Amino acid sequence: MSILADIGEALEKGKRKLVVQYVQQALDEGVAPQTILTEGLLPGMDRVGVKFRNNEIFVPEVLVAARAMSAGTELLKPLMADGEGVSLGTAVIGTVKGDLHDIGKNLVKMMIEGKGINVIDLGVDVAPETFVQAAIDNKAQLICCSALLTTTMPSIAEVVKAVEAAGIRDQVKIMVGGAPVTQEFADSVGADAYTPDAATAAVVAAEFLKG
């Protein structure tokens, strides 16, 4: 199945047109869409995540690889029966109320999508009740909160409280991150996980949804 290796390699190098070409070729050769996703695209994106964690590549390379991944999955989505295997689950992501930073959030979103997770992006300055409503509406199993300012960190605690008040705390894992956020802070507000970077966030998110 060298075509699957070719897909992964092209993805790793961020060659979007080549990824699309190889995915189409694999489909033409009768390879199942699910196989292309799990044995071609996802392993390629996993290797990108490892390199990013090890500081072998940086944000621009990750963004290029994520776009290539997205182009490949777009070809597969219509061919997968009723979302069969397209997604591990659904995550809601946003930057908390009062905070307008989105570069980190966008990177986490792309890395999580690279794990085969469906992501609902709420943008920036997101109110706690908006996180909750989006999680309920989309039957999300994961809420990811980003804060880049120390002054907006309390908003993360408000999201946790809002999830508890809505009675869905046992159905949803809450992940937090951002420059000023620490493991200690995450523990203090009752979040399920803190991750220091986007690649680790994607690994943890996938573990939560598989678990």
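The values are calculated or read from the model by the stated rules, or taken from the named source; none is laboratory data. For clarity, every value in this text was computed on a predicted model and none was experimentally measured. Virtual Cβ from ideal backbone geometry, glycine too; neighbours counted across all protein chains shown. Protein only, heavy atoms only, side chains kept; ligands, DNA and RNA dropped before computing areas. Shrake-Rupley method; radii C 1.70, N 1.55, O 1.52, S 1.80 Å.
Table for the structure above
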read-out	value
The range 177-187 - residue that is touching a residue at least 12 places away in the same chain (Cβ under 8 Å) and open to solvent by 50 Å² or more (accessible area, probe 1.4 Å) and, of those, nearest to LEU107 (Cα to Cα)	ALA179
Options ILE57, ILE36; residue that is farther than 30 Å from ALA157 by Cβ and touching a Leu at 6+ places or on another chain (Cβ under 7 Å)	ILE36
Matching residues, the range 6-53, being more than 13 Å from ALA66 (Cβ to Cβ), of a type in the set (Val, Ile, Thr) and within 22 Å of the chain's Cα centre (by Cα)	ILE7, VAL20, VAL23, THR35, ILE36, THR38, VAL50
Any chance THR182 is at pLDDT 95 or above, of a type in the set (Ser, Thr, Tyr) and farther than 21 Å from PRO60 by Cα	yes
Sole exception among (1) under 26 Å from ALA66 (Cα atoms); (2) open to solvent by 50 Å² or more (accessible area, probe 1.4 Å); (3) at pLDDT 95 or above for ILE174, by number	(2)
Close pairs from the range 101-119: first over 18 Å from ALA140 (Cβ atoms), partner open to solvent by 50 Å² or more (accessible area, probe 1.4 Å) and part of a helix (DSSP H, G or I), Cβ under 7 Å, at least 6 apart	LEU107/VAL59
Test: residue in the range 157-169 that is β-branched (Val, Ile, Thr) and either open to solvent by 40 Å² or more (accessible area, probe 1.4 Å) or under 13 Å from the mean Cα position of the chain (by Cα) (or both)	no
Residue count, the range 190-211 (criterion: farther than 20 Å from ALA140 by Cα and surrounded by 19 or more Cβ atoms within 10 Å (Cβ to Cβ))	1
In the range 109-147, residue nearest to TYR194 (Cα to Cα) [restricted to those that are under 10 Å from the mean Cα position of the chain (by Cα), open to solvent by 30 Å² or more (accessible area, probe 1.4 Å) and of a type in the set (A, V, I, L, M)]	MET110
